[in-house]
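This report concerns only the one structure given below.
The values are calculated or read from the model by the stated rules, or taken from the named source; none is laboratory data. None of the values given here were measured: they were computed from a predicted structure. For neighbour counting, all protein chains shown are included, and Cβ atoms are generated from backbone atoms with ideal geometry for every residue, glycine included.
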Amino acid sequence: MARALGAYEGSLQEAIHRWKYEGKTYLTPLFAKWMAEGLNRYWEPHSFDLLIPVPLHRQRLIERGFNQVLLLVREISFRTGIPYRKTILQKKKPTIPQVTLSGLERERGLRGAFHVIGGEELVGKSVLLVDDVYTTGATVNECSKMLRSGGAKGVDVLTLAHAIKSS
């Protein structure tokens, strides 16, 4: 199951953009509060054994200076008591910014981009994969495949926002 807290438009889109691209990390606690509330609204308490952030490639981390999703996961973990692991899922190859690609291009570009390290910690666990924006689902689908192949019993997804499809 995948859930998003709002549409990636208007003031939410602007706030996410400032947080992610302008380094306004003071927004993290507010976003994490909303996400913790959403987690409790959409799932039963204690449904998950681990929180896992969608990882950034090392190059993008150096460019941006921080992984906004890791900041969210740390705060959500603090608020819910669900442990998180930041190194189990890693991005092993850089990809071009997904916002510029179609759904099919995203899927192709992300194939093989992620891998699991220390999968023994995943075996039999229910995982909540966290990301900021759900656009086509290509990123979270690829991450979920890797987590399942690494032994996770189940993977659900929670994002701050979902992109609106234009017709």
Out of curiosity, is I96 assigned to a loop (DSSP other than H, G, I, E, B), modelled with pLDDT of 95 or more and in contact with a helix residue (DSSP H, G or I) (Cβ under 9 Å, 6 or more places away or on another chain)?
no
Report yes if some residue within region 57-65 is in contact (Cβ under 8 Å) with a residue 12 or more places away in the chain and touching an Asp or Glu at 6+ places or on another chain (Cβ under 9 Å); otherwise report no.
no
How many residues, within region 133-158, are in a loop (DSSP other than H, G, I, E, B) and among the β-branched types (V, I, T)?
2
Could we say that I76 is on the phi < 0 side of the Ramachandran plot, assigned to a helix (DSSP H, G or I), touching a residue at least 40 places away in the same chain (Cβ under 8 Å) and not small (G, A, S) here?
yes
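Per-residue answers, yes or no, for (1) farther than 18 Å from A2 by Cβ; (2) buried (at least 22 other Cβ atoms within 10 Å of the Cβ):
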{"residue": "G119", "(1), (2)": "yes, no"}
{"residue": "S126", "(1), (2)": "no, no"}
{"residue": "D131", "(1), (2)": "no, yes"}
{"residue": "T135", "(1), (2)": "no, no"}
{"residue": "E142", "(1), (2)": "no, no"}
{"residue": "K145", "(1), (2)": "no, no"}
{"residue": "S149", "(1), (2)": "yes, no"}
{"residue": "G154", "(1), (2)": "no, no"}
{"residue": "A163", "(1), (2)": "no, no"}
May I ask you to list the residues in region 43-73 that are surrounded by fewer than 16 Cβ atoms within 10 Å (Cβ to Cβ) and assigned to a loop (DSSP other than H, G, I, E, B)?
E44, P45, H46, S47, G65, F66
Any idea which of (1) of a type in the set (V, I, T); (2) part of a strand (DSSP E or B); (3) farther than 18 Å from H46 by Cβ is the one V130 doesn't satisfy?
(3)
Counting only residues that are in a helix (DSSP H, G or I), of a type in the set (D, E) and either under 22 Å from F78 (Cβ atoms) or modelled with pLDDT under 95 (or both), region 3-42 contains a total of 1
